[in-house]
1. Ranking 81, 6 by Cβ neighbours within 10 Å, fewest first, what do you get?
2. For residue 64 and residue 173, compute 0.36 nm times the residue count separating them, minus their Cα-Cα distance, and round to one decimal in nm.
3. Assuming 0.36 nm per residue, please report the length gained on full extension of the stretch residue 142 to residue 31 beyond their Cα-Cα distance.
4. To the nearest 0.05, what FRET efficiency results for residue 153 and residue 56 with a Förster distance of 25 Å applied to their C-beta separation?
5. I'd like the distance between the alpha-carbon centres of segment 122-174 and segment 1-41, rounded to an integer number of Å.
6. What FRET efficiency do you get for residue 5 and residue 113 if R0 is 41 Å and r is their Cβ-Cβ distance, rounded to the nearest 0.05?
7. Between residue 13 and residue 79, 0.36 nm times their residue separation minus their Cα-Cα distance comes to what?
């Protein structure tokens, strides 16, 4: 049994320390996703996700990684949150506007310009392409992990990723 599975079993039994370790193992990735989805409410989204995960840990069947499971909870929480506020259109636009693109050599003028182009292009992509780009480049998930997260085949992931790159290139370099 892997360490992750042991921690899940302990969490199911009510061990909050084990659950805390699980959360810390994927916190950075989840935080990046939360900021990409809605920077102004990222912390709230994180807390709501963690609470929902804690309350439903007994339902986790361990057919995927813990990260894949909690990522789906975060996405569902975000959709519900924005649906409740009737801001679904704003949610999709915010996804593109709030992507944090960071490089080691950030020079204010060139990097700011480049980031703006990427954010603008990302905002113009259809939601399914935006999600693929976020998962692959920002979350650094493998094609298999994206396939599991979105419940689609790896071939579909590859196709959407190719199409998203093509669209981004057309938008950035007309």
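1. 6, 81
2. 35.4 nm
3. Gain on stretching residue 142 to residue 31: 38.1 nm.
4. Numbers: r = 26 Å, r/R0 = 1.06.
Calculated transfer efficiency: 0.40.
5. For segment 122-174 versus segment 1-41, the Cα centre distance is 24 Å.
6. Between residue 5 and residue 113 the formula returns 0.35.
7. 20.8 nm is the gain from fully extending residue 13 to residue 79.
Bear in mind that the values in this text are calculations on the coordinates, not laboratory data. The structure displayed is predicted, hence computed values, not measured ones. Neighbour counts run over all protein chains shown; Cβ positions are idealised from the backbone, glycine included.
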